[in-house]
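What follows is a set of notes on a single structure, which appears directly below.
The values are calculated or read from the model by the stated rules, or taken from the named source; none is laboratory data. Here the structure is a predicted model, which is why all the values come from computation and not from measurement. So basically every Cβ, Gly included, is an ideal-geometry build from the backbone, and we count neighbours across all protein chains shown.
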Amino acid sequence: MALFAGVTRLANREKLDASAEQVLIEQCRRQNFEAFGRIVDAYQSRVLGFVRRMVSSSEEAEDITQEVFVRAFQNMGKFDGRSSLRTWLFRIAHNLCIDSARKRGRAPVQAGLVDDETMETLEVADERWNPESLVLDDELMAVVEKAVSTLSEKLRTVLLLHDKEELGYDELAQMLEIPVGTVKSRLFLARAHVQKFVEEYRS
Amino acid sequence: MSERKDWLDKLNSERPLTLQDAHRLDEALENQHAVKHLVSGLSEEEPSLAWRSQLNERLLASQPRPKSSFKIWAGRFGLGTAVAACAFGVLVMVQRPKMGAPIPSTASQMTTSAEQILIDAHESAAFAAATGSGDGTSPTQSLQSDPGIQWTEADLGAF
């Protein structure tokens, strides 16, 4: 069956340009499994990566990610194209993560607020914070993962979708239904939180 | 110092920013590029083949299945048969009382159908034949008008 053709393409993730994506969307609206398989190929790793960092367990992340694609397939006819397919998929993923957290009664984490003392430390000029000089070794990335996991859901969402998935301020504001200024302030606070973790690790 | 504290309070509580605050925030974000670099380097998760296979099954299950052509044909045949059976049943129900019903004897019981006209004509003819009344085709009249065998004198002499 054509649907299972996607399995063979797992290893080489497909990058879709806008026009190719539009053609696939039109085909998916006619319930074309093969076309949807290509969309899954292109986005499954990114969606799973985002969801994995938003929920507590791998099993839950995998289940939610499947649900993201099932809902996308079922609702492709309602996708109006005002946002990109990528933004739409992450919006579904974000909503499902929030629903899951509510069902499990997870208390919202307040980590990420920056006090004046922390800010003073972070504002000190440090040439080691030059991106080119940062060595992204496993240990450092584990520290970053830890920092991200201790952020509140609000700050984590903005940090991951902006810095990891490269969504713009306007896209995020539209997706989360908050002002652009709030997106920026959340992003700043989230980055400051990560920066603080990394500073502690390096010192 | 208090200005920065006020600015941080606004960010932490998500209060509206002045133009100056917004400008300061943009600058602060520019200075955090190293963190962006770190976050963008986070690993991606490649789903397993089992996961993808399970997703395919869920997608197939979520798809409304189109009916096969055989099912469509069988459905149409069944519907046609059912309609024909109903029509036949209605016809039988309509006909049954007429077949067992007594011969209408009053004008109110008479119908104007062709069948009824034929029955009436037959009954009228039978009545006329029995009583010898009616039109010129009655048996008595026909006997009177029947010329019979025309015997001649020669015939009678032969007896």
Test A:G6 against the stated conditions and say whether it is surrounded by 18 or more Cβ atoms within 10 Å (Cβ to Cβ), more than 29 Å from A:K154 (Cα to Cα) and modelled with pLDDT under 80.
-> yes
With the first residue restricted to the stretch B:57-78 and required to be in a helix (DSSP H, G or I) and surrounded by 10 or more Cβ atoms within 10 Å (Cβ to Cβ), and the second required to be at pLDDT 80 or above and among the aliphatic types (A, V, I, L, M), Cβ contacts under 9 Å at 6 or more apart or on different chains are B:R58/A:V70; B:L59/A:V40; B:L59/A:V70; B:S62/A:V70
If you go through the stretch A:32-60 one residue at a time, how many are facing another protein chain (nearest Cβ under 8 Å) and among the aliphatic types (A, V, I, L, M)?
-> 2
Mind listing just one residue for me: the one in the stretch B:7-28 that is buried (at least 18 other Cβ atoms within 10 Å of the Cβ) and closer than 30 Å to A:L140 by Cβ and, of those, farthest from the other protein chains (Cβ to nearest Cβ)?
-> B:W7
Kindly state which helices (runs of 4 or more DSSP H) lie completely within the stretch A:134-203 and contain at least 1 residues that are among the hydroxyl-bearing types (S, T, Y) and within 9 Å of another protein chain (Cβ to nearest Cβ).
-> A:180-202
Evaluation of B:R4 against (1) at pLDDT 90 or above; (2) assigned to a helix (DSSP H, G or I) (one fails), failing number = (1)
Is there any pair linking a residue in the stretch A:56-77 that is in contact (Cβ under 8 Å) with a residue 12 or more places away in the chain to one that is charged (D, E, K, R), with Cβ under 7 Å and at least six apart or on different chains, and which?
-> A:A61/A:R52; A:M76/A:R29; A:G77/A:R29
